[in-house]
1. Which ones in segment 172-181 are surrounded by 14 or more Cβ atoms within 10 Å (Cβ to Cβ) and either farther than 19 Å from residue 74 by Cα or over 15 Å from the mean Cα position of the chain (by Cα) (or both)?
2. Can you spot a residue in segment 121-138 that is more than 27 Å from residue 66 (Cα to Cα), aliphatic (A, V, I, L, M) and assigned to a helix (DSSP H, G or I)?
3. Quick one: in segment 85-100, which of the residues that are surrounded by 14 or more Cβ atoms within 10 Å (Cβ to Cβ) and over 15 Å from residue 130 (Cβ atoms) is modelled with the lowest pLDDT?
4. Would you pick out the residues in segment 139-171 that are outside any helix (DSSP H, G or I), of a type in the set (D, E, K, R) and surrounded by fewer than 16 Cβ atoms within 10 Å (Cβ to Cβ)?
Amino acid sequence: MTLNVGRVSGGHSKNTVPDRAEAQLDLRFCTRSDGEHLVARVRAANAPDASGLDLTALARMDPEALEGLPLSLHVAASLVYSPFPAFDIWRAHQHNGGDDEQLAQIDLPIGPQTTLVSRPAALEVRVSLLGPGNAAFLSTLAGHSSFGAAYQAAVLEEADYDLASRLGDLVCMRALATFTA
């Protein structure tokens, strides 16, 4: 893939932060798949304003229709699975102190972690460690399965998975996209 920045403009004077800027890019890629992936990532980077899941609309649906409802991840949300405690490693490196600040101890034998990276608002990135139920729920939806299948996967991982409260949390994290009934 190649990228050429053809033109950049913005602002009214030097040494000031412009209220808006514009860039014209020429992107070239080898395969259609590469191009589609690139377009999806660019849209995701600019999508915090895209509609998220509306719990009120979900609650108004016929309960029988919920089972087969095709939900998906919000375009500005990504799941990161690692066989290592990647979230704990990332968190240990998020510090506000000086250069001599000690890093937190990381329990490597803790094993795999699934992390949600989302953009709940413009210019805000949220990184959240998912518990086993939420990880199974979102991973199943990311695989293009239905709401019912995702719920079943969550319950298999966490027998006492509380769908109502977890959906509220996931909506606040802007993890789920809106749906069309």
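1. 179
2. no
3. Of everything passing the filter in segment 85-100, 92 is modelled with the lowest pLDDT.
4. 160, 162, listed by residue number.
The values are calculated or read from the model by the stated rules, or taken from the named source; none is laboratory data. These figures come from a predicted structure and were not determined experimentally. Neighbour counts are summed over all protein chains in view; Cβ atoms, including those assigned to glycine, are modelled from backbone coordinates with ideal geometry.
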